[in-house]
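What follows is a single structure, written as structure tokens, with notes after it.
Every number here is computed from the coordinates shown, using simple stated rules; none is lab data. All values derive from a computational prediction rather than experimental measurement. Cβ coordinates were reconstructed from backbone atoms using ideal geometry, including for glycine residues, and neighbour counts include every protein chain displayed.
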């Protein structure tokens, strides 16, 4: 199945490294005009060094007003990937208001903010657009030390459904993907402890963690016209973790 985004403008947040970077790269390979957003300029410059035609924007999406101003200035997009996120993992009794506020600002508020701006321009331009939100299996199942993170991603799933309902009549599809542990560079380090890894792996019927390409492929499919009747789903990419 060949997917093309030729002449489509796509905005990807959190595109400096990890899953977001690979999404930006693959969109570029399929013909998209990619605008990559990250709060870390060195990561963006590294991306642009490899792909000079990718436009880069340094932005802290936790800043509501600045984000709104910058995203509005970027013009019209055909698709959006809301990937930017933070993960502050604390035991329940050690959760702090600072961690809560930061996590919600990035993982939830910024997605509402950015999507409002992008979707409004889609409607103004009569674009049959698509939005994919990067959620997590943590929205669906309890994970140790993930209280605040899980809450933010559960909220994101709810926002995804509401967006799908309200934007669907305008021809804009909104979906989420919910990955398990993915073997990004940080994922390989964070799950290198065999005891920690084996506890999680024992709950995954396929017996392994996910690869970045497996998330990227699902995101590109949901963004594409091949998924033209898929709207409001939360797609686990978890090897069966949520099925057990």
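Observations on the structure shown:
- Distance between the range 137-189 and the range 20-99 - C-alpha centres, whole angstrom: 16
- Pairs of Cα atoms in the range 70-117 fall into 5 Å distance bins, from 0 up to the last occupied one, in shares of 5, 18, 24, 19, 13, 9, 7, 4, 1 percent.
- Convex hull of alpha carbon positions in the range 4-47: directionally averaged projected area 2.6 nm².
- The label-point distance for residue 144 and residue 55, in a model that sets each label 7 Å from Cα toward Cβ, rounds to 4.6 nm.
- Ranked by how many other beta carbons lie within 10 Å on average, peptides 229-239, 67-77, 40-50 from highest: 229-239, 67-77, 40-50
- Rounded to 5, the percent of DSSP beta bridges in the range 46-201 classed as antiparallel: 0
- Seen from every direction in turn and averaged, the convex hull around the alpha carbons of the range 33-188 projects onto 9.8 nm².
- Mean Cα-pair separation over length for the range 9-102, i.e. relative contact order, pairs under 8 Å, 6 or more apart, %: 32
- In the chain, Cα pairs under 8 Å separated by at least six residues give a relative contact order of 19 percent.
- CD proxy at 222 nm, helix term only [per DSSP H run n ≥ 4: -39500 (n - 2.57); per residue of the chain; nearest 500]: -13000 deg cm²/dmol
- Prolate/oblate/rounded call for the range 90-145, Cα gyration tensor, a/c under 1.5 rounded: oblate
- Largest to smallest principal axis extent of the C-alpha atoms in the range 128-176, angstrom: 40, 14, 13
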